[in-house]
1. Tally up the residues in the stretch 141-160 that are crowded, with 24+ Cβ neighbours inside 10 Å and over 27 Å from residue 174 (Cα atoms), please.
2. Taking the stretch 47-65 on its own, how many of its residues are in contact with a strand residue (DSSP E or B) (Cβ under 7 Å, 6 or more places away or on another chain), crowded, with 19+ Cβ neighbours inside 10 Å and either over 10 Å from residue 10 (Cα atoms) or without any contact (Cβ under 8 Å) to a residue 24 or more places away in the chain (or both)?
3. Which residue is surrounded by the most Cβ atoms within 10 Å (Cβ to Cβ), if the candidates are limited to the stretch 188-204 and must be modelled with pLDDT of 95 or more and more than 13 Å from residue 166 (Cα to Cα)?
4. Quickly run through the stretch 216-230 and pick out the residues that are in contact with a helix residue (DSSP H, G or I) (Cβ under 6 Å, 6 or more places away or on another chain) and part of a loop (DSSP other than H, G, I, E, B).
5. Hand me the list of helices (runs of 4 or more DSSP H) wholly inside the stretch 144-215 holding 2 or more residues that are closer than 24 Å to residue 128 by Cα and under 13 Å from the mean Cα position of the chain (by Cα).
6. Residue 117 versus (1) within 18 Å of the chain's Cα centre (by Cα); (2) assigned to a loop (DSSP other than H, G, I, E, B); (3) surrounded by fewer than 22 Cβ atoms within 10 Å (Cβ to Cβ): which is the lone unmet condition?
7. Scan the stretch 126-140 for residues that are surrounded by fewer than 20 Cβ atoms within 10 Å (Cβ to Cβ) and touching a strand residue (DSSP E or B) at 6+ places or on another chain (Cβ under 6 Å) and jot them down.
């Protein structure tokens with residue numbers, strides 16, 4: 001349960017929170033005294049924190065009750081089938097080699113979109129609602145997080161990933177203009193129209209874990225690292241072909257669309273610069289980027305990386321062509 005509380009002494013009734021709420025939870029009421037905003041649809045609040053974060057007077061606080069159950073796999077209609085030991089070892093080796101050769105600071109993340117009707121693994125749901133990008137960024141630190149729709153805090157991400165219906169304000173693009181991210185509603189509506197999304201209700205839950213400790217076969221592997229590491233990943237994929245690469249990015253809905261959905265639906269590796277949401281809601285450094293690698297592409301990426309790690313990577317990092325500085 002999400003609880004929205006107002007400090008009536010601070011609230012000026014400016015209505016910014018009403019305008020920016022994507023799920024139309026808040027309403028303005030006249031003749032109720034100072035601070036004329038009420039919580040009209042409390043059950044619709046997803047704890048996205050937009051109202052609290054944008055309130056110029058810091059008059060809004062969002063509180064969440066801890067879920068009654070931290071594990072929800074007891075509702076499975078069919079038993080969950082664990083991964084084979086061979087696959088667990090294989091993915092752990094992928095993670096180890098990525099970290100060793102690229103000298104990654106953060107762990108590669110395994111992403112699984114659990115389909116409607118499929119059993120859930122015994123992985124905890126978060127104690128509070130999170131945005132999908134938050135869960136992904138947290139998993140790089142070693143956490144495993146299972147998120148059914150009621151655990152998600154971002155209505156954009158839940159609709160893009162097939163967990164829920166897109167709210168009206170997001171579908172029309174209205175809220176993107178109010179947040180100052182796009183110039184007009186037409187531009188915002190075009191952005192929404194062009195981005196891909198999965199069918200509503202097709203995904204039961206999102207699962208993110210460190211690649212070294214997977215519990216289900218990943219759909220996509222995400223690497224969060226500086227640009228130099230992304231360069232080596234691109235070269236690893238094209239080690240045997242020399243082909244140039246094309247990436248789909250707009251810096252809107254970066255982790256749900258660019259890092260996850262494009263690799264998931266196209267089978268192609270995709271790079272992301274991040275987006276407004278994932279950078280505003282996390283501790284992500286300014287120098288960090290994202291790469292989403294379809295799991296079926298991982299063997300060729302790892303093979304190319306192995307060869308690059310023998311000579312090209314150490315030579316470049318030792319600045320072998322840099323002339324002596326006098």
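The values are calculated or read from the model by the stated rules, or taken from the named source; none is laboratory data. A quick note: this is a predicted structure, and the numbers were derived from the prediction, not measured. Cβ atoms come from the backbone with ideal geometry, glycine included; neighbour counts cover every protein chain shown.
1. Result for the stretch 141-160: 2.
2. Residues in the stretch 47-65 being in contact with a strand residue (DSSP E or B) (Cβ under 7 Å, 6 or more places away or on another chain), crowded, with 19+ Cβ neighbours inside 10 Å and either over 10 Å from residue 10 (Cα atoms) or without any contact (Cβ under 8 Å) to a residue 24 or more places away in the chain (or both): 3 in total.
3. Let us first name the residues in the stretch 188-204 that are modelled with pLDDT of 95 or more, namely 197-204.
The next check asks that each one be more than 13 Å from residue 166 (Cα to Cα); those that pass are 202-204.
Details: 202: 14, 203: 21, 204: 18.
Within the stretch 188-204, the match that is surrounded by the most Cβ atoms within 10 Å (Cβ to Cβ) is 203.
4. Listed by number, the residues that qualify are 218, 219.
5. Ranges flagged: 155-160.
6. Only one criterion in (1) within 18 Å of the chain's Cα centre (by Cα); (2) assigned to a loop (DSSP other than H, G, I, E, B); (3) surrounded by fewer than 22 Cβ atoms within 10 Å (Cβ to Cβ) is unmet by residue 117, namely (1).
7. Our first condition is that a residue be surrounded by fewer than 20 Cβ atoms within 10 Å (Cβ to Cβ); within the stretch 126-140, this holds for 127-128, 138.
Of everything in the stretch 126-140, just one residue is surrounded by fewer than 20 Cβ atoms within 10 Å (Cβ to Cβ) and touching a strand residue (DSSP E or B) at 6+ places or on another chain (Cβ under 6 Å), namely 128.
Table: residues versus (1) touching a strand residue (DSSP E or B) at 6+ places or on another chain (Cβ under 7 Å); (2) modelled with pLDDT of 95 or more; (3) surrounded by fewer than 16 Cβ atoms within 10 Å (Cβ to Cβ).
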{"site": "275", "(1), (2), (3)": "no, no, no"}
{"site": "280", "(1), (2), (3)": "no, no, yes"}
{"site": "286", "(1), (2), (3)": "no, no, yes"}
{"site": "293", "(1), (2), (3)": "yes, yes, no"}
{"site": "302", "(1), (2), (3)": "no, yes, no"}
{"site": "322", "(1), (2), (3)": "no, no, yes"}
